[in-house]
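Data block below; observations after.
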Amino acid sequence: MTRVLRVLRLEGLRAYVRSRPGAKRVPAVLVVCLYIAMLLCIPSVLIFRPLGAPGTPANMLGMVALAWWVCATLGGQNPIRGLTPTRVGAALMAVAILIPYANGTATGWFAPPAVRSGIDNWTLLAPTVDEINAMVAKAADRGLLSVVGWLGIMLLAAEGMRSWRDIDTVVNWVSWLAAFMAGLGIIQFFTGLDIAGLFQIPGLSANSDFGAVASRSVLNRVASTAAHPIEYGVVLAALFPLALHRTIFRWGERYALLPTFLIGLGMFLSVSRGAVVAVLCAFLVLLIGWPARWKLRALAILPFAVVGLRVAVPGLVGTLLSFFVNADKDPSVEGRTQDYAAVHLLWGEHPWFGRGLFTLMPQYYRILDNEYLLLLVELGAIGLSMFLIALLIGYFCARGTHHHAADERSRNVGLSISAGLFGLLVAHATFDGLGFPMAAGVTFLLTGLGGATWRLTRLGVPPEPELERQSRTPVLEGAA
């Protein structure tokens, strides 16, 4: 147990509690780490049935986090006062969701024949307006519950981190738990075993089939604990920069490279275009922000990594490359372009304020593999703009940390958060990301962490001595 606590850096959590004599409190960083564990390690299709899709353990903890944040803030227990970038983003997010919800509830919903997904398998009849209204109203309620969980973890991550040690603890947990998720996917890929399907948790039930190993271009395509291979690959790609940050600044420690290696290999085994887009965008942000000597070392290592991937998994590199070279012949790309006319028709019904989050149900309308087109219909032009601003605030907060933090380690963690978030935001254009609990949770977790690093930088909080020592010997400097 002592070794586990040391690996996960929980000594800092215990010291935090002991620093308040007579006070019994739960450190926010512990709740954030528990959220990460639930998000990445429990299959995202396992839900608490009465709540429906938003009833994942992680999202329910996010709801508790929001209630905690509200009570602490109103009760004067939150030391953070006034407006912060994260609070502005949360307010924009709330308005972007609530107005379309009210608009859709007041006007009702229907499915124009041109965009209907099909007919009922039993009656061979198209759904009636009353049926659509009843089901979509429930979907709108589920959208509200999801947002409550998202805002809860975003605000708790942004305002609950009291030191750079807390940030380091979260990065450490993210790296190892994402490595666990990636490891399950690697085992699935090479053995074909349905490992995630073995997960049985009392009180939770699956809202869809999961754990099966699919195939694409004669390669196994795995999802691990995610709901879909795309979600699996994109989430790992978004968390890869944080794992890489940990490896760089813990080089020389035992197993320093292991999480980065597992995540780096696992994300490509999703055989997903979205994962490749996410990691390339994240890597581009890292290259732009790194010092010149780091860039040269990273670019020198990159060809060996590609060759190693090609040797380890024959055919994988060629398959991933073909997704982009032959994109004009890809049926999935063609299907996405055919959605534009339907989106224009639906958007025209509520162009400014939308119809409500999660109300474009695939069984009554169609699947849109582009989260931004989906949000344009569901939230309208104004809602989509406010939603994007809220997420971009987290990105620019992390970028501000990279430019203004006092030490190399703090600057690089800000850069890594911004890289992961940027890759994730670009990848949302390739699939309906917010409809996947794990992808949505990571999006708002990174947004909150961006706000946390901005606040610590602005307050001039110095790094702890042990972190400052580690920051002097990063691997990309050539230290052994």
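Taken together, the values in this text are just the output of simple stated rules run on the coordinates, not laboratory data. Computed from a predicted structure; not experimentally measured. When we count neighbours, we look across all protein chains shown, and the Cβ atoms used for this are built from the backbone with ideal geometry, even at glycine.
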List, in order, the whole-Hz ³J(HN,Hα) value for each residue of region 371-383 obtained from phi through the Karplus relation with A = 6.51, B = -1.76, C = 1.60 and θ = phi - 60°; use x for Gly and Pro. 4, 6, 5, 4, 5, 4, 6, 7, 10, x, 5, 5, x
Please work out the Cα center distance from region 132-161 to region 37-83, rounded to the nearest Å. 9
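At 0.36 nm per residue, minus the direct Cα-Cα distance, what do residue 205 and residue 34 gain on full extension? Give it in nm, one decimal, please.
The span from residue 205 to residue 34 would gain 59.5 nm if fully extended.
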Sorted by Cβ neighbour density within 10 Å, fewest at the top, the residues 40, 287, 204, 368: 287, 204, 368, 40
Which of the peptides 299-310, 385-396 is most tightly packed, and how do the rest follow, going by the mean number of other Cβ atoms within 10 Å of each residue? 385-396, 299-310
Can you give me the long-range amide H partners of residue 251? Hydrogens built in the peptide plane at 1.01 Å from N, cutoff under 5 Å, separation of 5 or more residues or another chain. 475
The extension gain from residue 311 to residue 198, computed as 0.36 nm times the residue separation minus the Cα-Cα distance, is 37.6 nm
Beta carbons within 10 angstrom, averaged per residue: use that to sort the peptides 346-356, 166-176, 249-259, 311-321, highest first. 166-176, 346-356, 249-259, 311-321
Can you tell me which of 425-431, 446-452 comes out highest on packing, and rank the rest after it, using the mean Cβ neighbours within 10 Å? 446-452, 425-431
Using Cα pairs closer than 8 Å and at least 6 residues apart in sequence, work out the relative contact order for region 24-477, in percent. 25
Residue 190 to residue 302: FRET efficiency via 1/(1 + (r/R0)^6), r the Cβ-Cβ distance, R0 30 Å, to the nearest 0.05? 0.80
What nm distance separates the two modelled labels at residue 77 and residue 49, each placed 7 Å from Cα along Cα→Cβ? 3.5
Taking neighbour Cβ counts within 10 Å as the exposure measure, how do 228, 404, 245 sort from fewest upward? 404, 228, 245
Whole-number D in µm² s⁻¹ for region 24-477, Kirkwood Cα-pair radius fed into Stokes-Einstein, 25 °C, 0.890 mPa s: 109
